[in-house]
Amino acid sequence: MAILETSNLVKTFGGLTAVSKFDIYLNEGELIGLIGPNGAGKTTAFNMLTGVYRPSSGSIKLMGESIVGQKPYEITQKGIARTFQNIRLFKDLTVVDNVKIAYHQNVKYGVATGILQTKQYVDEEAEIQQKAVALLKIFNLDHKKNELSKNLPYGEQRRLEIARALATNPKVLLLDEPAAGMNPQETHDLMEMIRWIRDQFKLTILLIEHDMSLVMNVCERIYVLDYGKIIAHGCPEDIRTNPKVIEAYLGEEVDLSAEN
Amino acid sequence: MNKKKLIFITGAVAVGVVVQLLISSGVINPYFAQILTLMSMYAILATSLNLINGITGQFSLGHAGFMALGGYFSAILTTKLALPLPNFLMFPLSLLFGGLVAAAAGFLVGLPTLRLRGDYLAIATLGLGEIIRVMFVNWKYVGAAAGMKGIPGYTNFLWTYVIAVFSILIIVNFIKSSHGRACISIREDEIAAETMGINTTKYKVMAFVIGAFFAGVAGGIFGHLIRLLHPNSFTFMVSVEILLMVVLGGLGSITGSIAAAVFLTGLTEALRQFSDLRMIIYSLMLIVIMLFRPQGLLGTREFSLDMFSKFTKKAEKAER
Ligand SMILES: Nc1ncnc2c1ncn2[C@@H]1O[C@H](COP(=O)(O)OP(=O)(O)O)[C@@H](O)[C@H]1O
Ligand SMILES: [Mg+2]
């Protein structure tokens, strides 16, 4: 059974139809790519999946249960985490606090316990700190835990955003152009890392990428979005040679035969 | 961490004891004792508004309204209803009651308006403050426009100081807890906070209600200090004054709020004979800070012992 499934998802902004007929499914453990030219509606689709936008029509099911109309925090608590195309870290907070905030939904102590600073508070805070640092270590960010996140180099900010999303303990992870602004070496390392965290954290990942050559090597299946519609779907080999996809990307500086 | 807390508590107790001794022995005269009491009261008001505006990033202008609610309702308890209780129980009980009434009003207003974005809250709380004031102008039971007279003078420096220390401790501990981090994340980026699984409406309302509660407590202290409650004591300009303390001290800096509360209360006394001019000076100060240093003098930083040790280390280096 698909862990996440949409059907006939539509989003209109006034007269503009940003997404129409968006039908995808993600099976458990898959690493799936969502590609398409700029303005195709990829981010809008993510915003619907995470509750930031309410779909104009259509359905979204997470493990068989509809999540349409739920608040973003409810959807996060049910197991969908995401990163943003334009990094949205808590810039003026430390690296470790960024991660700790993502653990908040699982904090058991109440407001009064926090104010009285009882043993339960002390123990749980110590545990959160330790878990956050352990997670940062995986992303090689633990030595910067007390730096303000805005002072990290760009690539590390992207990694921190992924770490923070993982701290919410998701089943499905949505990554919106995680390689944007990275050089080829950084991009290559990032793609390796994404595959690794999928295996390590037993996740299902949907990855948006504008530059299709990047996802060809890591994704098992790929959806292609153009003008708000899914125009192709299949394994990387099929996508690469699909005439509709080539047409959609015509005029864009993309080398479709790139092995990357 | 624990050592710091110990130093803080020891320091707070020492200051309280010394000042109280000086007042009791007459070294500090009643006029200055009252100013010190007002400084403590404004410290409660500024830190509680900072929890809403600075920590959670919601722009409230309604603190005078919550203060009025707390002031009137605590005075109703001590003045109108003669409960057979000793003063030392009656007074804190009435403050608690005033705080709870203010908190309840904060909840009723916060729930619908905090769902909306920033400016709406500012307008709604500004309106709320005025509505509350007008309500007291027309409420005969509490003296209407003539004000409520004959309130017992329970407030003194010691009470106010102790309550201020506890209020600040509660607010600081809240901020340091995971719930406080949730509030801070809303200030930093509301969409990201929501995406991290934080029920942003819940935490905005929570910060607002806690802030309103302490404003109500401070209102009760005020009523039992001045012994006369008049609707005009709670105009919009009072909210502006408290806001100025928060902005001056730094949105998000608790120690900054306390320092600014002490400084501006002192300034207010110094400028008492120019009271019209004072409001112009305050308004100008607010505008200048907003233009040139919107994060306030301290920003979100706190005064700390580390700051002094850094300073002395620098001095040592310079000597070498
Ligand atoms: N909040 C919004 N209001 C109006 N139009 C929007 C909004 N968000 C996105 N759009 C429009 O929807 C289309 C798809 O945008 P987007 O999803 O960001 O594309 P992509 O992520 O694929 O580059 C664009 O034409 C964009 O201008
Ligand atoms: Mg996009």
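None of the figures in this text is laboratory data; all of them are computed from the coordinates on show. Fair warning: this is a prediction, and the values are worked out from it, not measured in the lab. Note that each Cβ is placed from the backbone with ideal geometry, even for glycine, and that neighbours are counted across all protein chains shown.
General remarks:
- Reachable aspartates and glutamates from residue A:21, criterion Cα separation under 17 angstrom, eight or more residues apart if same chain: A:5, A:226
- Taking other C-beta atoms within 10 angstrom as a stand-in for reagent exposure, A:53, B:282 fall in the order A:53, B:282, fewest first.
- Folded to 0 to 90 degrees: helix A:154-167 orientation relative to chain A principal axis, Cα: 70
- Pairwise centroid distance, computed over Cα atoms, of segment B:115-147 with segment B:193-253, Å: 14
- Relative contact order of segment A:210-253, taken over Cα pairs closer than 8 Å and 6 or more residues apart, is 27 percent.
- The protein assembly as shown: antiparallel DSSP beta bridges as a percent of all, rounded to 5: 55
- Segment B:1-118: translational diffusion in µm²/s, Stokes-Einstein, Kirkwood Rh over Cα pairs, 4 °C, 1.567 mPa s: 75
- Dividing the mean sequence gap of close Cα pairs (under 8 Å, 6+ apart) by how many residues chain A holds gives a relative contact order of 27 percent.
- Over segment B:117-197, all Cα pairs binned in 5 Å intervals from 0 give whole-percent P(r) values of 3, 11, 10, 10, 13, 18, 15, 10, 7, 4, 1, listed from short to long.
- Principal semi-axes in Å for the protein assembly as shown [√(5λ), Cα gyration tensor, largest first]: 54, 26, 21
- Among the residues of B:180-186, the average count of other protein chain beta-carbon atoms within 10 Å of the residue beta-carbon is 5.
- Test item: A:81-88 mean partner chain Cβ contacts at 10 Å: 3
- Computed over chain A, Kirkwood Rh from alpha-carbon pairs, angstrom: 19.3
- Over segment B:36-235, equivalent-ellipsoid semi-axes from the Cα gyration tensor in Å: 30, 19, 12
- Fewest-first ordering of B:179, B:63 by other beta carbons within 10 Å of each residue's beta carbon gives B:179, B:63.
- Degrees between helix A:119-138 axis and first principal axis of chain A (Cα, 0 to 90, nearest 10): 40
- From most to least packed by mean Cβ count within 10 Å, the peptides B:147-156, B:124-133, B:190-199 give B:190-199, B:124-133, B:147-156.
- Mean separation of Cα contacts under 8 Å (6+ apart) over length of chain B, as relative contact order %: 30
- Per residue of A:114-121, other chain Cβ atoms within 10 Å of the residue Cβ number 4 on average.
- Per residue, the convex hull spanned by the Cα atoms of segment A:90-160 measures out at 88 cubic angstrom.
- Count of Lys pairs (Cα-Cα under 17 Å; at least 8 positions apart or interchain) in chain B: 8
- Taking B:183, A:235 and counting other C-beta atoms within 10 Å, the order from fewest to most: A:235, B:183
- Tail fraction, Cα-Cα pairs, segment A:1-154, threshold 22 Å, whole percent: 55
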